[in-house]
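Only one structure is covered here, and it is reproduced in the block below.
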């Protein structure tokens, strides 16, 4: 029983993206990340739609590892983010900078600043698919 609880705790901790700051308690993405959908519109293409959302991260919060069934363009509205895309070196972006994330590429985003950070995420997705797919 204890082994099962420890294993479950380890899996849960790895999925929530624990902050690594030594002077602040770790925050899970469920408590420190919020997404506000702004636009969802058919593109008139055979199987594509656009979804745009504002995503707000508390300081030190990391998104879960995930991918999208389409491309994402992340534009930093405020704060400083570190993005880690599978197979690439981490990149740090500040307000006014943007990043293209290809379809299906697993990634995480972390607020590495001391204040709340926000991004405008624009997704060109396959119709009927979820915006976000969690990855192990």
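The values are calculated or read from the model by the stated rules, or taken from the named source; none is laboratory data. Note that this is a predicted model, so its numbers are computed, not measured. Neighbour counts are summed over all protein chains in view; Cβ atoms, including those assigned to glycine, are modelled from backbone coordinates with ideal geometry.
Summed over the stretch 60-84, residues that are under 12 Å from the mean Cα position of the chain (by Cα) and farther than 18 Å from residue 33 by Cβ total 1. Checking each residue in the stretch 88-115 for being closer than 17 Å to residue 61 by Cα, in contact (Cβ under 8 Å) with a residue 24 or more places away in the chain and either touching a helix residue (DSSP H, G or I) at 6+ places or on another chain (Cβ under 6 Å) or surrounded by fewer than 17 Cβ atoms within 10 Å (Cβ to Cβ) (or both) picks out 114, 115.
When the stretch 116-131 is filtered for residues that are crowded, with 17+ Cβ neighbours inside 10 Å and part of a loop (DSSP other than H, G, I, E, B), only 131 remains.
Per the conditions (1) over 19 Å from residue 133 (Cα atoms); (2) at pLDDT below 95; (3) more than 16 Å from the chain's Cα centre (by Cα), the sole criterion not satisfied by residue 11 is (1).
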